[in-house]
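Enquirer: Take this structure, written in structure tokens, and hold onto it; I'll ask about it next.
The values are calculated or read from the model by the stated rules, or taken from the named source; none is laboratory data. Predicted model only: the values in this text are computed from it and were never measured. A quick note on method: Cβ atoms are made from the backbone with ideal geometry, for glycine too, and the neighbour counts reach across all protein chains shown.
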Amino acid sequence: MILHPFKAVGSFLKALPLLFSSDLRLFVLAPLLANFALMAILYMFAFGFLTGMTDSMMSWLPGWLSFLDWLFYALFGLVSALLMFYGFSVGVNILAAPFMGILAEKVEEKLTGNVIQEQISLAFILSIVGHSILRELQKLAYFLPRVILLFIISFIPVVNVIAPILWLLFSAWMLSIQYLDYSFDNNKRNFRDMRASLRRKPILCWSFGFIVMVLLTIPLVNLFVMPLAVVAATCIWIDAFKPDTDVTGNSAMGAR
């Protein structure tokens, strides 16, 4: 357990050359191009949407508070921006899930030599789209109640002192679940079993999540975090979780 943070760092160092390897290039570029296109389209409409949402919120204020317009514009603008950011993140994760699953699959095949899927075809991609979306909705159903609880805690006096720490830990945990789940899913581990496996190695998962959080704050680098995190998570799956699966024989659990 003491070495788990180093194992998390090592997974990203191992992922970098894999990310740029010729046989994985297509599986990295496809989701990246889709991601960039989606970002461009959304940001084209984001400014107008945010302005409209902020104006709508301002219309609810009574006239006698008009001298505080600047403050409320700032606050409502921040709320609107956060809603757009989280909405965008959820949308990207759902749309990119099939691509990320295939990337994790190809990385595992490259590292282990075990072929999971013989051939990638349009029919195969279409067959996993529905499953991938359902899996992402499972994650969303897991995240939302906990986010709401943390949001409530943030406004409770005294208790809210620890809220920033809880947000930090939960954000790292969410990122671990988001990216490690692709390999678990490829190996037919259901969502509940995946979470149970991650709970047995919390330091490793938090370390991985914190690294992703740091990378997301770096301009330009954050554009490539998604495929990098998937490759690194697949390396962690092979090194830390797959051996446990092989021993217990749970790899047959769940259904794709």
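Table: residues versus (1) in contact with a Cys (Cβ under 7 Å, 6 or more places away or on another chain); (2) modelled with pLDDT of 90 or more; (3) hydrophobic (A, V, I, L, M, F, W, C).
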site	(1), (2), (3)
161	no, no, yes
171	no, no, no
186	no, no, no
191	no, yes, yes
199	no, yes, no
229	no, yes, yes
234	no, yes, no
243	no, no, no
248	no, no, no
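Enquirer: Is it true that some residue in region 224-233 is under 12 Å from residue 172 (Cα atoms), surrounded by fewer than 19 Cβ atoms within 10 Å (Cβ to Cβ) and within 13 Å of the chain's Cα centre (by Cα)?
Expert: no
Enquirer: For region 96-111, which positions are acidic (Asp, Glu) and without any contact (Cβ under 8 Å) to a residue 40 or more places away in the chain? Before the answer, list the steps.
Expert: First, the residues of region 96-111 that are acidic (Asp, Glu): 105, 108-109.
109 - this is the single residue of region 96-111 that is acidic (Asp, Glu) and without any contact (Cβ under 8 Å) to a residue 40 or more places away in the chain.
Enquirer: Being more than 19 Å from residue 139 (Cβ to Cβ) and surrounded by 14 or more Cβ atoms within 10 Å (Cβ to Cβ) is the requirement here; does residue 172 meet it?
Expert: Taking the combined requirement at face value, the residue does not satisfy it.
Enquirer: Scan region 160-195 residue by residue and report those that are under 23 Å from residue 101 (Cβ atoms), over 18 Å from the mean Cα position of the chain (by Cα) and in a helix (DSSP H, G or I).
Expert: 193, the sole residue that qualifies.
Enquirer: Can you tell me which residue in region 199-216 is surrounded by the most Cβ atoms within 10 Å (Cβ to Cβ), limited to those that are hydrophobic (A, V, I, L, M, F, W, C) and over 15 Å from the mean Cα position of the chain (by Cα)?
Expert: If we take residues in region 199-216 being hydrophobic (A, V, I, L, M, F, W, C) and over 15 Å from the mean Cα position of the chain (by Cα), then 204 is surrounded by the most Cβ atoms within 10 Å (Cβ to Cβ).
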